[in-house]
Amino acid sequence: MDRMEENFDWRERPRLVEEVARVIRGRIYSGQYPPGRPLRQVELAETLRISRTPLREALRILEQEGLVTADTVRGVNVINAGPLQILHAYQVRQVLDGLAARLAAQCSADRALAELQPILQRQRQTLEPWDIGEYTASNVDFHARIFELSKNEYVIRQIPTIYMTSQVFRPGAKYERASDALHEHTEIMQAIAAGDAASAERLALSHVQKTIDMVMSWQVE
């Protein structure tokens with residue numbers, strides 16, 4: 001049975017459903033609840049010390065976000081995407097990343113180095129020794145920060161897509177790819193910092209295309 005790392009007193013939480021969704025969402029993103037894992041409501045309710053009514057509402061939120069699936073036969077499970085679903089998700093990511101990088105270069109070039117360089121330094125430190133968890137977390141932080149630098153509220157609202165593709169699906173989180181990805185991240189950062197919107201967009205599109213090519217090599221039908 002899961003053990004709560006957080007020690008919440010739910011009676012003091014006026015937004016109980018949102019808090020329950022946040023905790024479960026965080027566990028999915030961190031890999032504590034891996035793809036395909038059953039989320040048994042009796043166990044979750046006992047672990048989180050809540051009744052099943054707010055738990056069911058929280059799981060419905062996560063289902064709407066695409067993080068869990070629910071049916072009358074298999075119950076509630078963490079999403080376990082196949083190659084085709086992952087491909088479709090990254091096709092959306094590619095468009096979003098290209099747009100975010102272009103807008104960031106246009107709107108926030110003066111902030112790019114200060115905000116992105118520390119993330120890349122942290123990511124570089126995950127290579128030796130290889131730490132897939134920290135690498136993935138820093139990868140998410142890098143791309144999410146570019147979305148924020150775009151200063152476009154509709155782009156920023158799509159940040160959960162980064163968590164979904166990078167932390168839940170994790171198709172590119174391999175040491176063999178990490179060094180090249182870090183170099184690509186550096187080039188994207190430099191283009192944004194230079195205010196070169198066209199290059200930033202092109203580099204961001206190419207960066208995500210590498211993952212798309214890898215997913216397509218899985219012989220998607």
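Taking Cα atoms only, the orientation of helix 83-107 departs from the longest principal axis of the chain by about 50 degrees. Each of Ser179, Thr165, Ala198 was placed along the dipole of segment 135-221 (beta-carbon charges, centred on the mean Cα), and the one lying farthest toward the positive end is Thr165. Phi angles of segment 141-150 translate, via the Karplus equation with coefficients 6.51, -1.76, 1.60 and θ = phi - 60°, into HN-Hα couplings of 4, 4, 5, 4, 5, 5, 4, 5, 5, 5 Hz per residue; Gly and Pro are given as x.
Given Cβ point charges of +1 (Lys, Arg) and -1 (Asp, Glu) and nothing else, what value in debye, to the nearest 20, does the dipole of the chain about its Cα centre take? Write down the numbers at each step before the final one.
Numbers: 27 positive and 30 negative charges, 102 e Å.
Dipole about the Cα centre, nearest 20: 500 debye.
Amide hydrogen proximity for Asn80: with H placed 1.01 Å from N in the peptide plane, the residues at 5 or more positions away or on another chain lying under 5 Å are Gly36. Fully extending the segment from Asp180 to Arg49 would add 42.7 nm, taking 0.36 nm per residue of separation and subtracting the current Cα-Cα distance. Candidate values (1) 17.8; (2) 17.0; (3) 18.6 were compared with Kirkwood radius over Cα pairs in Å computed on the shown model; the agreeing label is (3).
Rounded to the nearest whole Å², what accessible area per residue is found for segment 102-221 with the 1.4 Å probe?
50
Site-free segments of the chain were taken between chymotrypsin sites (Phe, Trp or Tyr not before Pro) in DSSP loops having at most 13 other Cβ atoms within 10 Å, sites themselves excluded; the longest one is 1-129. Summing +1 for each Lys or Arg and -1 for each Asp or Glu among the other residues whose beta-carbon sits under 13 angstrom from that of Arg102 gives -1.
Relative to the first principal axis of the alpha-carbon coordinates of the chain, what is the inclination of helix 16-30, with its axis defined by its Cα atoms, in degrees from 0 to 90 and to the nearest 10? Long axis of 16-30 versus the principal axis of the chain: about 50 degrees. Between the helical axis of 52-64 and the longest alpha-carbon principal axis of the chain there is an angle of about 30 degrees.
Where only DSSP H runs of four or more residues are counted, the chain gives -21000 deg cm²/dmol as its mean residue ellipticity at 222 nm, each run worth -39500 (n - 2.57). A cut-off under 13 angstrom between Cβ atoms defines the neighbours of Ile79, and their net charge, with Lys, Arg +1 and Asp, Glu -1, is +1. Only Cα pairs under 8 Å and 6+ residues apart enter the sum, and on that basis the relative contact order of segment 127-205 stands at 27 percent.
The values are calculated or read from the model by the stated rules, or taken from the named source; none is laboratory data. Just so it is clear, the model here is predicted, and its values are computed rather than measured. All Cβ positions, glycine included, derive from the backbone under ideal geometry; neighbour counts span all protein chains shown. What goes into the accessible areas is simple: the full protein's heavy atoms, side chains included, and nothing from ligands, DNA or RNA. Shrake-Rupley method; radii C 1.70, N 1.55, O 1.52, S 1.80 Å.
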